[in-house]
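The values are calculated or read from the model by the stated rules, or taken from the named source; none is laboratory data. Keep in mind it's a predicted model, so treat the numbers as computed, not measured. Neighbour counts run over all protein chains shown; Cβ positions are idealised from the backbone, glycine included. Areas reflect the complete protein model, heavy atoms only, side chains present, ligands, DNA and RNA absent. Shrake-Rupley method; radii C 1.70, N 1.55, O 1.52, S 1.80 Å.
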Amino acid sequence: MTPSKSVTIIGAGVAGMSAACALAEAGFRINLVERRGYLGGRASSYLHPGVNEVIDNCQHALIGAYTNLMGFYRRIGVADKIHWTTDMTMIEPGGRRSQLGPSFLPAPLHGLPKLLTAHAFSLADKFALSRAFAAMMRPIPENSTENLAQWLARHGQTPGAINRFWRLVLASALNSDLDQISVNYAAMVIRGLFMNSPEAGSMGMSTVPLSQLYTGVANYLEARGGRVLLNSSVEAAHWDGSTAQWTVHTRTGPIESDFVLVSLPFEATAKLLPALPPANGAAVLAAQIERHEHWPICSVHLWFDRPITDLEHAVLLDREIHWMYNQSLLQNRPGNYIELVVSATRAFAALPREAAIDQALRELAEFFPLVKQAKLQKVALIKEVRATFGVPPGIDANRPGAISPWPNLFLAGDWVQTGWPSTMESAARSGHLGAEALCLAAGNPRRILDPDLKPTGLMRFL
Ligand SMILES: Cc1cc2nc3c(=O)[nH]c(=O)nc-3n(C[C@H](O)[C@H](O)[C@H](O)COP(=O)(O)OP(=O)(O)OC[C@H]3O[C@@H](n4cnc5c(N)ncnc54)[C@H](O)[C@@H]3O)c2cc1C
C-alpha cells in the first residue's frame, strides 16, 4: 500500500474512533470528522449546565466479552481505566439482597450455586431459569421468527423469572420489550454473560467520565499524520471516478480523500444517503435502514448530602428504576453522586421531568432507606430517546455489511452487521470490520478484528 492513502471517517462515536485508530496504525492518513464539539457520540460525557458537573450521558457498562472495545481502549492506552467486577447484587424493595456471580464450578455451571441460593427467586423460578439456560445452549435456527416473549412462554417461565430476570437483566441489556427481542440475540447474551466463562460475564465500568477515555485519540491520529475535525457536520459527498477521489463536504469546508468510512447511527446514515452520488443498491440500503427502530434509555443523576449506600452498583427489582451506580465510588468523585438507569421503558421516558425525578426518588428510598434522611442537593435527568436500535426477529436481514454500494466507501456504526446488539462492542467491531474491508480494498489486507474470548470449562466441549 502507498503509505499516503487517506481516509475520511464521518462520525466520531466509538465506531468511527476505533476504525480511525486501527487505520492510522495501518498507515492511512485519517480525517476524523465529527458534527459535535466533542468525541464519543452516544457514549460520551459533558459539563451539564444544570448541575455544573461533568457527567456521562448515561452509565455505560461493559462485559468481559467486549474484546474489540477493549482492543480500541488498549490502542489508545486507557484499558486500565476500566474497573471490573464479577458480582451482581440484586435488591428487592425493602432491601433484601441476593448475589449473582461465579463460583468454583466450571463454565457453564459457574453461576449456578449463587442462582440457587438467591432470595430474589422462588424455587419454581430457579428451576424455570435453569431449564431456560439449558435450552438456550441448543442451536436456535438463524431465521427463527419467534420473539423472546413467545419463547419464554413455550419454556414455562414463571412470573418471578420473567419479571426479575428476563425483563430486568435481559431486556435491559438489549434495551427492548420482551416481544421485540429475537431469541437469537437473547441466547447470545445469555451465553456471553452467564455461560461461556466467568471472565466473559464480568462487568466493567469506567473509572473516569467517558469522554476522558478519548482524550488520546487526537494525539494518536496526529502522530500518524491524521487529524480530528470537530463541529464539522458532513452534508454531502461526491465521487470523482477520473481521479478516484472522494470529496466530503462539511459545514467547515471540503475534504478530499481516497476512501470514506461512514460511521453514523442508522438515522444519520439515512439522512446522508440522498447527498451521496446515485448508486445501484442505494435504495436497498435505504429500505433496510427504514426497518430499524430506536429505543430510549433514561438516567437520573442525584447528589445527596450524605452516603446512601456503600454498594458500587446494584440491580433494583420490581420497580421502574433498574440499575443503581454509585458514581462517587466508581469514579472516585467528591460528594455523594448516585446514578439511576431506566432502560427499555418508553413510559418513563414520556414522563415530565418533575414526575420522573419524584418517582425515581420514591423508588430509590424503597431500596435504600437512608434516602429518606438524606437531602437532595442537585439532580439531572437525561432522556436519550435514540439510545439504541432494537433487535426484533429478522433484524439481521436489515443490517448491511461494511461494503457499500459506492466505490471506496464503507459502512460502520453499531447497527451494521456485527452479530452484536446495540452496544459499544458492536460499534467497535463495526469500526474494526470496516477498517478490514477498507484495507483489503486498498491492497493491504490485514486482520484488525480482535478475536472473541475462548469459552472455558465444559463450554469448550459444548
Ligand atoms: C443512554 C445510553 C445508554 C447506553 N448504555 C450502554 C451500555 O451500558 N453498554 C453499551 O455497551 N452500550 C450502551 N449504549 C449504546 C452505545 O452507546 C452505542 O451502541 C455506541 O456508543 C454507538 O456508537 P457508534 O459509533 O456506532 O454511534 P454514535 O455514538 O451515535 O456515533 C456517531 C457519531 O456521528 C456523529 N454525527 C452524526 N451525524 C453526523 C454528520 N452529518 N457529520 C458528522 N458527524 C455526525 C454524531 O454526533 C456521533 O458522534 C448506550 C447508549 C445510550 C444512548
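For the chain, how many pairs of lysine residues have a Cα-Cα distance under 28 Å, where the two are 8 or more positions apart or belong to different chains? Lysine pairs meeting both conditions in the chain amount to 10.
Ranking of T243, T207 by solvent-accessible surface, largest first: T243, T207 (1.4 Å probe, protein heavy atoms only, all chains present).
To the nearest 0.05, what FRET efficiency results for Q150 and L273 with a Förster distance of 41 Å applied to their C-beta separation? E(calc), rounded to 0.05, equals 0.75. Using θ = phi - 60° in the Karplus curve 6.51 cos²θ - 1.76 cosθ + 1.60, the 3J(HN,Hα) couplings for the range 225-235 round to x, x, 7, 10, 10, 8, 6, 10, 4, 7, 10 Hz; x is entered for Gly and Pro.
With a probe of 1.4 Å, find how much accessible area the range 285-375 has per residue, and write the answer as a whole number in Å².
Value for the range 285-375: 40 Å² per residue.
Residue-wise HN-Hα couplings along the range 34-46, as the Karplus relation 6.51 cos²θ - 1.76 cosθ + 1.60 with θ = phi - 60° gives them from phi, are 10, 5, 7, x, 8, 8, x, x, 6, 10, 9, 10, 7 Hz; Gly and Pro carry x. Its alpha carbons considered, the range 144-253 gives a radius of gyration followed by a Dmax of 22.6, 65 Å. Between the listed residues G204, G241, G111, the Cα displaced farthest toward the positive end of the dipole of the chain, a dipole computed from Cβ unit charges relative to the Cα centre, is found at G111. When the trypsin sites (Lys or Arg not before Pro) in the range 350-406 are filtered for DSSP coil states and for at most 11 other beta-carbon atoms within 10 Å of their beta-carbon, the remaining sites are K375. Split the accessible area of the range 218-289 by element, probe 1.4 Å, and carbon with sulfur accounts for 54%.
In the range 1-131, one over the average inverse separation of all distinct C-alpha pairs is 18.8 Å, which is the Kirkwood hydrodynamic radius.
Between amide H atoms placed 1.01 Å from N, distances below 5 Å from F410 occur with V260, L261, V262, all of them 5 or more places distant or on a separate chain. Stretched out straight at 0.36 nm per residue, the stretch from L123 to K81 would grow longer than its current Cα-Cα span by 11.2 nm. Distances between placed amide hydrogens fall under 5 Å for G401 paired with Q417, all partners being 5 or more residues away or on another chain.
When the Cα positions of P334, P393, L351 are compared along the charge dipole of the range 326-462, P334 comes out farthest toward the positive end, with charges on each C-beta of Lys, Arg, Asp and Glu. Annotation: amide H of W323 within the under-5 Å range of L316, V341, sequence separation 5 or more or interchain, hydrogens built in the peptide plane. Angle between the Cα long axis of helix 353-367 and the longest principal axis of the chain, 0 to 90 degrees, nearest 10? The angle comes out at about 50 degrees.
Each Lys and Arg Cβ is given +1 and each Asp and Glu Cβ -1; about its Cα centre, the range 306-412 then shows a dipole of about 340 debye. Taking the longest Cα principal axis of the chain as reference, the axis of helix 424-441 is set at about 20 degrees.
Take every DSSP beta bridge whose two residues both sit in the chain; close to 75 percent of them are antiparallel. Note on the range 329-430: with neighbouring protein chains present and a 1.4 Å probe, carbon and sulfur make up 56 percent of its accessible heavy-atom surface.
Between rounded, prolate and oblate, where does the range 69-168 land on the alpha carbon gyration tensor, with a ≥ b ≥ c its root eigenvalues, rounded for a/c under 1.5, else prolate if a/b exceeds b/c? Verdict is oblate for the range 69-168. Between R36 and R306, the contour length at 0.36 nm per residue exceeds the alpha carbon distance by 93.6 nm.
Between K454 and Q373, full extension at 0.36 nm per residue minus the direct alpha carbon distance yields a gain of 24.4 nm. The 3J(HN,Hα) values that the Karplus relation (6.51, -1.76, 1.60; θ = phi - 60°) gives for the range 269-274 are, in residue order, 5, 4, 5, 7, 3, x Hz. Gly and Pro appear as x.
Would you mind estimating how fast the range 323-451 diffuses translationally, via Stokes-Einstein at 25 °C and 0.890 mPa s with the Kirkwood radius over Cα pairs, in µm²/s?
Estimated via Stokes-Einstein, D reaches 134 µm²/s.
Taking label positions 7 Å along the Cα-Cβ direction at both E25 and R362, the computed distance is 5.1 nm, reported to one decimal. Nearest 10 degrees, 0 to 90: what angle lies between the long axis of helix 14-25 and the longest principal axis of the chain (Cα atoms)? Between helix and principal axis, roughly 50 degrees.
The magnitude of the dipole of the chain, with charges of +1 and -1 set on the Cβ of Lys/Arg and Asp/Glu and taken from the Cα centre, is near 440 debye. Probing with 1.4 Å while keeping every protein chain in the model, the per residue accessible area of the range 1-151 equals 41 Å². Taking only protein heavy atoms and a 1.4 Å probe, the accessible area of the range 1-118 is 54% carbon and sulfur.
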